[in-house]
Amino acid sequence: MKSKITLQTERLLLRQPQATDFETYAAFFSDEEASRFYNGPLPKDGAWRVLASDLGHWQLRGYGRWSIIDPISDTMVGSCGLWWPGGYPRSELTWWIMPAARRKGYALEASRAAIRFGYDTLEWELVETHMNDENTAARGLVRKLGGTPIARDTFPDGVTRDVFGLPHPDKL
């Protein structure tokens, strides 16, 4: 794997996932309401497979989802990053935030850093995200990120989702 890629924002550290993040993954994915748009709820072994997949994505693609760390408390508050699993027609910006850490702007701050990484480091022409129709919280975040609808696709899991293009944060 390439060297560890970390991002620093005003309030957050985004670092590659590690084994010590497992309990946060297990807590998030066992919460039915929190994880419903992420194939949850999942038992602990299912959360372990998500963490293993996140770690493997970094190995296979050289980028992936970061663990979002509040450096003041040294607590993992969620995950955010760029994701393109095999078989999916598109890459995407994706994120999840622990319920206790929501409404603090962490998803917005982490997403801006990940989008910037997609454009500036990976040199992508367009950073995209896609989401289920009923995920109103995610749609609100996409509006704050300046997202515009660009497509509607059916994904390998059988779900048809809206796809949004996201501008570089410096161009908002």
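Quick notes
- Of the residues making up region 116-135, those that are within 26 Å of A26 (Cα to Cα) and under 16 Å from the mean Cα position of the chain (by Cα) number 5.
- Residue that is nearest to D120 (Cα to Cα) [pool: residues in region 9-27 that are loosely packed, with under 15 Cβ neighbours inside 10 Å and free of Cβ contacts under 8 Å to residues at least 60 places away in the same chain]: Q18
- Count of region 112-132 residues which are farther than 19 Å from G86 by Cα, out of contact with any helix residue (DSSP H, G or I) (no Cβ under 9 Å at 6 or more places or on another chain) and open to solvent by less than 80 Å² (accessible area, probe 1.4 Å): 2
- Condition met for S30 (surrounded by fewer than 14 Cβ atoms within 10 Å (Cβ to Cβ) and small (G, A, S)): no
- Among residues of region 33-50, those that are open to solvent by less than 40 Å² (accessible area, probe 1.4 Å) and under 24 Å from K104 (Cα atoms), counted: 3
- Figure legend. Inter-residue proximity from region 129-142: first residues of a type in the set (S, T, N, Q), second residues in a loop (DSSP other than H, G, I, E, B), beta-carbon distance below 7 Å, spacing 6+ or different chains. Indicated pairs: T129/G147; N132/V159.
- Looking only at region 75-97, and only at residues there that are open to solvent by 40 Å² or more (accessible area, probe 1.4 Å) and in contact (Cβ under 8 Å) with a residue 60 or more places away in the chain, the one that is farthest from T160 (Cα to Cα): G87
The values are calculated or read from the model by the stated rules, or taken from the named source; none is laboratory data. All figures in this text were calculated on a predicted structure; none of them were measured in a lab. Methodologically, a virtual Cβ is constructed for each residue, glycine included, from the backbone with ideal geometry; neighbour enumeration extends over all protein chains shown. Please note that ligands, DNA and RNA were not included when accessible areas were found on the heavy atoms of the full protein model with its side chains. Shrake-Rupley method; radii C 1.70, N 1.55, O 1.52, S 1.80 Å.
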